[in-house]
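Presented below is the structure to which this report refers.
The values are calculated or read from the model by the stated rules, or taken from the named source; none is laboratory data. Note that the structure is predicted; figures quoted are calculated from it, not measured. As a convention, Cβ positions derive from the backbone with ideal geometry for all residues, glycine included, and neighbour counts pool all protein chains shown. In case anyone asks, the SASA skips ligands and DNA or RNA and just uses the protein heavy atoms, side chains included. Shrake-Rupley method; radii C 1.70, N 1.55, O 1.52, S 1.80 Å.
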Amino acid sequence: MAHAPGPDSIALLDRFTAALAARGVVTEAQIAAQIERTDLADPRIGAAMVARAWTDPDYHALMLRDGSQAAEAMGVSMAGAPPLGVLVDRPGVHHLVVCTLCSCYPRAVLGYPPHWYKSAAYRARAVRDPRGVLAEWGTTLPEGTEIRVVDSTADYRWMVLPLRPTGTEGWDAARLAGLVGRDVLVGTQLPVAG
Amino acid sequence: MPDEAPLPVPATHDIGGAPRFRCTPVEPDDEAPPDAFGKRVDALRQLLAQRGLMTVDELRRGVEAIPEAEYHALGYYERWLRSITALMLEKGVVLPEELHP
Amino acid sequence: MTRFTPGARIRVKADFPETRGPCHIRTPHYLRGREGLVERHLGAFRNPEDLAFARPAATIPLYHVRFDQPALWNEGQAGDTVLVELYEHWLEPAA
């Protein structure tokens with residue numbers, strides 16, 4: 001479990017922000033505004049991208065070509081954000097994203113990472129025992145499916161574009177997006193209709 | 001890799017495949033979104049980067065410099081705060097007496 | 001200019017700079033000395049090993065490289081793979 005910050009850390013943060021404010025480097029108002037901007041990023045953005053890709057071949061092609069542009073097309077400002085890469089599942093290949101070195105995560109389209117993504121257990125095990133990790137979600141892949149674990153080590157941030165589930169013929173993008181939770185976008189879960 | 005020579009012990013943060021965690025469960029319900037402390041640290045990281053005072057690479061280097069026992073004892077955003085404050089001290093943006101009176 | 005093209009068999013250098021002093025590297029230890037397949041060139045980025053110390057940083061090619069996953073650990077399921085971003089200076093042609 002995540003634990004609350006210790007009193008030393010809280011005191012250090014207070015002194016640090018006070019020093020930065022006193023020097024005019026960063027003000028309290030700027031911190032508040034930045035938190036507000038950051039809070040806007042949410043897995044629903046990634047879900048909307050996936051649903052649009054499932055229903056719009058041109059957008060699907062754009063996602064493959066340039067994930068950052070595809071995010072911009074959904075109204076997300078990617079200025080200053082690392083490039084977004086999209087990992088396309090196909091029959092027989094499923095992607096799972098981890099960062100073994102720290103916790104790189106496509107924050108522009110998924111928001112803050114959940115605690116488990118940052119945990120030592122996930123970081124250590126995903127590259128070695130991916131099927132055991134998926135089992136913790138109750139996720140089993142169709143027979144014969146290979147797992148491609150993507151260790152997000154460098155300049156890109158990665159999201160998964162899963163296969164559109166069967167039983168969703170005729171669904172519109174809004175309804176499809178409802179099937180795509182955050183963990184689907186990381187690859188620990190599969191979207192399921194119904 | 002040949003099995004003959006033992007490989008060096010990986011750095012503290014370099015834990016892909018680390019045997020010590022192989023039996024530790026991953027808990028999908030363990031969400032723990034950042035609290036006010038975490039959000040403030042995160043916002044500071046972004047603001048200081050926007051001002052050209054640090055890069056994500058420097059943040060990582062600072063996190064990696066935390067001794068192993070503390071690395072695993074500190075929370076995620078506590079590690080960031082440790083790294084960011086060390087960087088700002090290193091660059092003279094803040095002074096030691098301001099942070100550790 | 002990139003040194004490797006998609007499909008090239010490469011070997012990650014079996015180097016451990018962390019044993020020689022302070023450094024920052026983005027090549028996970030478990031891939032050092034391992035052979036993989038270049039999947040694609042991802043672009044050119046400034047070398048994080050220098051950026052981390054606020055040193056002047058050259059822009060270098062970054063590749064997506066795929067590794068056979070069970071071979072890395074002597075366990076796992078045949079066919080599973082690991083795909084990792086690696087900088088060019090960590091790669092050499094596989095013998």
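Things to note:
- For chain A, pairs of C-alpha atoms spaced more than 29 angstrom apart make up 30 percent of the total.
- What the phi angles of segment B:61-70 give under the Karplus curve with 6.51, -1.76 and 1.60, with θ = phi - 60°, is a coupling list of 4, x, 5, 5, 7, 6, x, 3, 4, 6 Hz, glycine and proline written as x.
- Anisotropy class of the protein assembly as shown from Cα gyration tensor, a/c 1.5 cut: oblate
- Just checking the listed ones, A:Pro130, A:Pro82, A:Pro142: in the Gaussian network model of chain A with Cα springs under 10 Å, the one fluctuating most is A:Pro142.
- Electrostatic dipole magnitude of the protein assembly as shown [Cβ: Lys, Arg +1; Asp, Glu -1; Cα centre; debye, to 20]: 600 debye
- Across segment C:63-77, computed HN-Hα scalar couplings (Karplus, 6.51 cos²θ - 1.76 cosθ + 1.60, θ = phi - 60°) run 10, 9, 10, 9, 10, 5, 6, x, 5, 5, 10, 6, 7, x, 10 Hz from first to last residue, x flagging Gly and Pro.
- Longest DSSP-loop-exposure-free segment, GluC sites (Glu not before Pro), chain A, at most 11 other Cβ within 10 Å: A:1-142
- Trypsin sites (Lys or Arg not before Pro) restricted to segment A:1-110 and DSSP loop, no more than 14 other C-beta within 10 Å: A:Arg23
- Taking amide H as placed 1.01 Å from N in the peptide plane, the amide H of A:Leu161 sits under 5 Å from that of A:Leu87, A:Val88, A:Asp89, each at least 5 places away or on another chain.
- Across B:Arg22, A:Arg182, C:Arg11, the residue with the most accessible area heads the list, and the full order at a 1.4 Å probe is B:Arg22, C:Arg11, A:Arg182.
- Highest-fluctuation residue, B:Gly62, B:Gly38, B:Gly52 considered, GNM on chain B with Cα pairs under 10 Å: B:Gly52
- Segment A:36-113 versus segment C:69-95: alpha-carbon centroid distance in Å: 25 Å
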